[in-house]
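Here's the structure we're looking at; comments come further down.
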Amino acid sequence: MGIHTLAIHAGEAPDPTTGALVPPLHLANTFFLGSAEDGAAIFAGEKDGFVYSRWGNPTVALLEKRIAALEHAPAALATASGMAAISTAILNIVRAGDHVIAAQAIYPSTYHLFANELRALGIETTFVDATDPQNIARAIVPNTKLIYLESPGNPILALCDLRAIATIARDAKIISITDNTFATPINQQPLDFGIDVVVHSATKYFGGHGDAVGGVIVGSREFIKQCANEPLRFFGGILSPFNAYLILRGIQTLPLRMERHNANARAIAQFLQTHRAVEWVAYPGLPSHPQYALAQKQMRGFGGMVCFELKGGINSGARLMNAVKLCSLAVSLGDTRTLIVHPASTTHSVVTRAERIAQGVSDGLVRLSVGLEDVEDIIADLERGLEKK
Ligand code: LCS
């Protein structure tokens, strides 16, 4: 079935007790086990059944089926946030003494997780410029257990060649993970290129309306089962049924929303590129993007995120933030409304300036999460802001 149909129907079954077409929000935290024999069989894994919502919940399970279908994956596991998905997937792979190779231009909290939290647990990470797959191949050492990517990366929209890196990883028997939050499965399905595991912040395009926080891991049945039975169950970062319900509601319009995010972002990138106050624009769908050819090869659409560098650096950035009216000065992304942010002073304050510059995040960089408004209105707001700046 097509992607629009899957986004609305995958995994659903009419509610047998009421016939309700909209999936019920199951708030129960514990479930009747039936008989002592049934309970024992469920605990032994011989019989399917919900036990306790930290181990599984029907509303959350439906969301997992829906996302697995969209990502062409055998299975998925929902988590409390994108960071919970990332940390759960990683902790299912690495132990003290293991080594990780990570792309350096990634969401700063993920960078921090590797550079600080995992380092403190005895897990070492080498950050590389992952726009060249050979940098990854060269960084492999005997105890490398994980290659971690983000494509397009947050915020500078650098791409990783997913097929080439998946091949390097498989040849070396190393697990590969990519964060597909920016692309969404509407624009890119990394498992089709041989990537082992995909993670998402469902807070972003999946939810899509700025009102839910969540995450998801997708991969093989075996990998997902291990994540569910070990790190997720015992570290406890599960998704609440209410957030699962909101994200399921959002996903029904994901393909439709992405078409519009893609179109609006492309038009805005083109507008910014010709503006005299703008030094440069990064958007994978522009021929000026250094990896435009790769974008054409592995993406169907180029997403709703646009980055640009203002002439005049950090002060022009601050003036633009204060001059726009329709664009909201806020972190996060993937919302219906357009969000604008100055990474150097916000999202990237968790990394050092040197790390930030190494990630390509210059002082005057502005990141736009282009929303679903009329594109003429967004452009008019930016135009006014750029004139005032
Ligand atoms: N992965 C990517 C690519 C992200 O952009 C984010 C959050 C996460 C993972 C973490 O997801 P969360 O735990 O927040 O659900 N990105 C944010 C950003 O750029 N601004 O605020 C949050």
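The values are calculated or read from the model by the stated rules, or taken from the named source; none is laboratory data. On a predicted model such as this, the values are computed, not experimentally measured, just so you know. When we count neighbours, we look across all protein chains shown, and the Cβ atoms used for this are built from the backbone with ideal geometry, even at glycine. These accessible areas exclude ligands, DNA and RNA; they are computed on the full protein's heavy atoms, side chains included. Shrake-Rupley method; radii C 1.70, N 1.55, O 1.52, S 1.80 Å.
What does the C-alpha gyration tensor say about the overall shape of region 3-251? Classify as rounded when a/c is under 1.5, otherwise prolate if a/b is larger than b/c, or oblate.
prolate
When ranked by the protection proxy of mean other Cβ atoms within 10 Å per residue, highest first, what sequence do the peptides 370-381, 39-50 form?
Numbers: 370-381: 17.8, 39-50: 12.7.
For the peptides 370-381, 39-50, the packing ranking is 370-381, 39-50.
Given a cut-off of under 8 Å on Cα pairs at least six residues apart, what relative contact order in percent is computed for the chain?
Numbers: 785 pairs, mean separation 64.6, N = 389.
Computed value for the chain: 17 percent relative contact order.
Can you list the lysines whose alpha carbon is less than 21 Å from that of K65, not counting same-chain residues fewer than 8 positions off?
K47, K204, K225
If you roll a 1.4 Å probe over the heavy atoms of the protein chains, what accessible area per residue do you get for the chain, in Å²? List each step's numbers first, then the result.
Details: 16310 Å² over 389 residues.
Here the per-residue accessible area is 42 Å².
Return one number: the angle in degrees, 0 to 90 and rounded to the nearest 10, between the long axis of the Cα atoms of helix 82-91 and the longest principal axis of the Cα atoms of the chain.
With rounding to tens, the tilt is 60 degrees.
In straight Cα distance, which lysines are under 27 Å from K311, not counting same-chain residues fewer than 8 positions off?
List returned: K325, K388, K389.
Carbon and sulfur atoms: what percent of the 1.4 Å accessible area of the chain do they account for?
Numbers: 9000 of 16310 Å².
It is 55 percent, rounded to a whole number.
Can you give me the solvent accessible area of L162 with a 1.4 Å probe, rounded to the nearest 10 Å²?
0
What length, rounded to one decimal in nm, is gained on full extension from R319 through to N116, with 0.36 nm per residue of separation minus their alpha-carbon distance?
Details: separation 203, 0.36 × 203 = 73.08 nm, distance 3.34 nm.
The R319-N116 span can extend by a further 69.7 nm.
Give the lysines whose C-alpha is closer than 18 Å to that of K145, dropping any in the same chain fewer than 8 places away, or say none.
Counting by Cα, and skipping residues close in sequence, K145 has these lysines nearby: K173.
How many nm separate the modelled label positions at I357 and S345, each set 7 Å beyond the Cα in the direction of the Cβ?
For I357 paired with S345, the spin-label model returns 2.0 nm.
Going by the alpha-carbon gyration tensor, a ≥ b ≥ c the square roots of its eigenvalues, is region 241-389 rounded (a/c under 1.5) or, if a/c is not under 1.5, prolate (a/b greater than b/c) versus oblate?
Working: a/c = 1.37, a/b = 1.33, b/c = 1.03.
In terms of gyration-tensor shape, rounded.
I'd like the orientation of helix 241-251 relative to the chain: the angle between its Cα long axis and the longest Cα principal axis, in ° from 0 to 90, rounded to 10.
Helix 241-251 sits roughly 50 degrees off the main axis of the chain.
Would you kindly state how much longer the chain becomes between D132 and D15 on full extension, computed as 0.36 nm times their sequence separation minus their alpha carbon distance, in nm to one decimal?
Values: separation 117, 0.36 × 117 = 42.12 nm, distance 4.95 nm.
Taking D132 through D15 to full extension adds about 37.2 nm, to one decimal.
Evaluate E = 1/(1 + (r/R0)^6) for H209 and T30, where r is the Cβ-Cβ distance and R0 equals 30 Å; express this FRET efficiency to the nearest 0.05. Could you put the intermediate results ahead of the total?
Working: r = 30 Å, r/R0 = 1.00.
Given R0 = 30 Å and the Cβ-Cβ separation, E is 0.50.
Would you tell me the accessible area of K65, worked out with a 1.4 angstrom probe on the heavy atoms of the protein chains, in Å² to the nearest 10?
About 120 Å², ignoring ligands and nucleic acids.
I'd like the Karplus ³J(HN,Hα) series for region 44-55: coefficients 6.51, -1.76, 1.60, θ = phi - 60°, whole numbers in Hz, and an x wherever there's a Gly or Pro.
Coupling constants for region 44-55: 7, x, 8, 9, 6, x, 7, 10, 8, 5, 6, 9 Hz.
Hey, rough spin-label estimate for Q226 and E383, points 7 angstrom out along Cα→Cβ, what's it come to in nanometres?
According to this spin-label approximation, the distance is 5.5 nm.
Count charges around R233 for me, please; just the other residues with Cβ under 15 Å from its Cβ, Lys/Arg as +1, Asp/Glu as -1. Intermediate results must be reported in sequence, preceding the final value.
Details: positive: R54, K225; negative: E64, E230.
In short, 0.
Report the paramagnetic label zone for K297: residues of region 169-196 whose backbone N is under 14 Å from a point 7 Å from Cα along the Cα-to-Cβ axis.
Label zone hits: 193-194.
List the residues, sorted by chain then number, that are 5 or more residues from L329 or on another chain and whose placed amide H is less than 5 Å from its amide H.
Those qualifying (amide H under 5 Å, at least 5 residues apart or on another chain) are I340.
5 Å is the cut-off here: which amide hydrogens, built 1.01 Å from N in the peptide plane, fall below it relative to D98, excluding neighbours closer than 5 in sequence?
E124
For the chain, with only Lys/Arg (+1) and Asp/Glu (-1) charged at the beta-carbon, what is the dipole magnitude about the Cα centre, in debye rounded to 20?
560
HN-Hα J couplings of region 153-162 from phi, Karplus 6.51/-1.76/1.60, θ = phi - 60°, integer Hz, Gly and Pro as x?
x, 8, x, 8, 6, 6, 9, 10, 6, 5
Just check region 26-104 against the gyration tensor rule for me: Cα atoms, a ≥ b ≥ c as the square roots of the eigenvalues, rounded for a/c under 1.5, and otherwise prolate or oblate depending on whether a/b exceeds b/c.
Prolate, since a/c reaches 1.5 and a/b exceeds b/c.
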